[in-house]
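One structure is given here, and the rest of the page talks about it.
The values are calculated or read from the model by the stated rules, or taken from the named source; none is laboratory data. Source: prediction; values computed, not measured. As a convention, Cβ positions derive from the backbone with ideal geometry for all residues, glycine included, and neighbour counts pool all protein chains shown.
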Amino acid sequence: MKEQTRIADLFKNVNFEGFLLVKNAQQKTSMNGSKYLDLTLTDTSGDINAKRWDGTELPPATGEVIKVRGLVQEYNNRLQLRIDKMRPAAKEDEVDMNALIPCAPRQPEDMLEEIINRVDAIENRQLRELTLKMLDEAGDKLSIMPGAKNLHHAQRSGLLNHTTTMLRGAGMICELYPFLDKDLLAAGVIIHDLCKIDEMICDELGLVTDYSVEGNLLGHIVMGVSRLDRCGRELGTDRELLVILEHMVLSHHDLPEYGSPKPPMFPEAEALHILDLLDARMFEMKSELEKVKPGGFTDRIWSLDRKLYRRVGAPKTASGDGIHPED
């Protein structure tokens, strides 16, 4: 596979030819009755909407790699690829999947080890056993599961990335506010999103194709409280401890319009909500700002309900993977 232009580096009126991963593809009907394909294509740098106006072709499957040739246009102030020619990738193309599949910056086994080590350090035996049981029930899918379908941490192993980042943040917050129960907060961080594994349908590439029936009807918060209650009863967990953890899962989105029927009602629950919100927003902001040049603004981001400005003098991050002024 030859080096090709990243989606994040495309601009209006440039021709593109290369391999992209299909995130979503549907055959639709235009106002005049003709068929066309509406696709969302992706690589590690981002997504782009694409149209194939020859509607005689069947849409490619989600997770399929296709070679496309077309012109980058603009529609509603967003780039769009008009595909003139497309075909499935062949073995002889030697496609580099690492250039196409968004992945967490760390290996899943390293992140899992970090989580397990933190669980082993929990002093309360019942809390430790309950957290381990919830992790065991999550199973092997935890290694590849994204943190979301489209928004924050929508990448292979993104759920682990989200969890480990929050765990580190929890440790720092507990140093700043030592009255917090550091083990309870750590357990809440590890448990709070585990039922996203059953909320979303994920393939082996770490791409979410859709929400499950339970995900649509219940959501990961309700599913998480239900599973936590069952696991706690099976283990004979102290009732107050179990209800405390259930409340942390139930309230971590804070508001009813975001899925939480109760607001956080004790400090560790509030800290969990803030950590969750902070990590999600920092991920989204970093991802969106990487798509624009220094001194420019992003498009309006619907999840944040605002535009973002990429300042000219932003320093490099310590890891070298942040927003660089020379990009």
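Please tell me if Lys23 is of a type in the set (Lys, Arg), within 23 Å of Arg300 (Cβ to Cβ) and modelled with pLDDT under 90. Yes, satisfied. Specify the residue that is surrounded by the fewest Cβ atoms within 10 Å (Cβ to Cβ); the eligible residues are those in segment 251-273 that are within 18 Å of the chain's Cα centre (by Cα) and free of Cβ contacts under 8 Å to residues at least 40 places away in the same chain. It comes out as Tyr258.
Only one of the numbered conditions (1) farther than 14 Å from Leu278 by Cβ; (2) out of contact with any helix residue (DSSP H, G or I) (no Cβ under 8 Å at 6 or more places or on another chain) is violated by Met172, and that is (1). Residues of segment 186-212 that are modelled with pLDDT of 95 or more and more than 18 Å from Arg230 (Cβ to Cβ): Ala186, Val189.
Restricting Gly188, Gly171, Gly224, Gly232 to those that are small (Gly, Ala, Ser), surrounded by fewer than 22 Cβ atoms within 10 Å (Cβ to Cβ) and assigned by TED's automatic domain parsing to the domain that holds Arg118 reduces the list to Gly171.
In this entry, Met166 passes the filter for residues that are modelled with pLDDT of 95 or more and under 15 Å from the mean Cα position of the chain (by Cα).
Can you pull out the residues in segment 62-110 that are in a strand (DSSP E or B), within 25 Å of Arg156 (Cα to Cα) and of a type in the set (A, V, I, L, M, F, W, C)? Selection gives Val65, Ile66, Val68, Leu79, Leu81, Cys103.
Restricted to segment 1-37, and to residues that are charged (D, E, K, R) and surrounded by fewer than 15 Cβ atoms within 10 Å (Cβ to Cβ), which residue is farthest from Gln80 (Cα to Cα)? Spell out how you get there, then give the answer.
Initially, segment 1-37 is screened for residues charged (D, E, K, R), giving 2-3, 6, 9, 12, 17, 23, 28, 35.
From what is left, the residues that are surrounded by fewer than 15 Cβ atoms within 10 Å (Cβ to Cβ) are 2-3, 6, 9, 12, 17, 28, 35.
Values: Lys2: 23, Glu3: 21, Arg6: 14, Asp9: 13, Lys12: 8, Glu17: 14, Lys28: 16, Lys35: 18 Å.
Across segment 1-37, the extreme among qualifying residues is Lys2.
Taken over segment 235-250, the residue count meeting the criterion of being surrounded by 15 or more Cβ atoms within 10 Å (Cβ to Cβ) and charged (D, E, K, R) is 1.
Would you check which residues across segment 285-306 are under 13 Å from Arg78 (Cβ atoms) and either in contact with an Asp or Glu (Cβ under 8 Å, 6 or more places away or on another chain) or surrounded by 13 or more Cβ atoms within 10 Å (Cβ to Cβ) (or both) and list them?
Pass one, segment 285-306, residues under 13 Å from Arg78 (Cβ atoms): 288, 291-292, 298-302.
Residues satisfying the conditions are Glu288, Lys291, Val292, Thr298, Asp299, Ile301.
Of the residues making up segment 119-168, those that are small (Gly, Ala, Ser), within 18 Å of Gly188 (Cβ to Cβ) and either in contact with an Asp or Glu (Cβ under 7 Å, 6 or more places away or on another chain) or not in a helix (DSSP H, G or I) (or both) are Ala121, Gly147. Of all residue pairs spaced 6 or more apart or on separate chains, those with beta-carbon atoms under 6 Å, a first member in segment 91-112 that is within 17 Å of Thr5 (Cα to Cα) and modelled with pLDDT of 85 or more and a second member that is small (Gly, Ala, Ser) and not in a helix (DSSP H, G or I) are Val95/Ala89. Scanning segment 208-250 for residues that are without any contact (Cβ under 8 Å) to a residue 60 or more places away in the chain and among the polar types (S, T, N, Q) yields Ser212, Asn216, Ser226. A single entry from Ala121, Ala138 fulfils the requirement of being among the aliphatic types (A, V, I, L, M), within 24 Å of Thr165 (Cβ to Cβ), surrounded by fewer than 17 Cβ atoms within 10 Å (Cβ to Cβ) and not assigned by TED's automatic domain parsing to the domain that holds Phe16: Ala121. Within segment 180-207, residues that are under 19 Å from Val243 (Cβ atoms) have Cβ atoms under 7 Å from residues that are in a loop (DSSP other than H, G, I, E, B) in these pairs: Asp183/Ile122; Asp183/Glu123; Asp183/Asn124; Ala186/Ile122; Ala187/Ile122; His192/His252, counting only partners at least 6 apart in sequence or on another chain.
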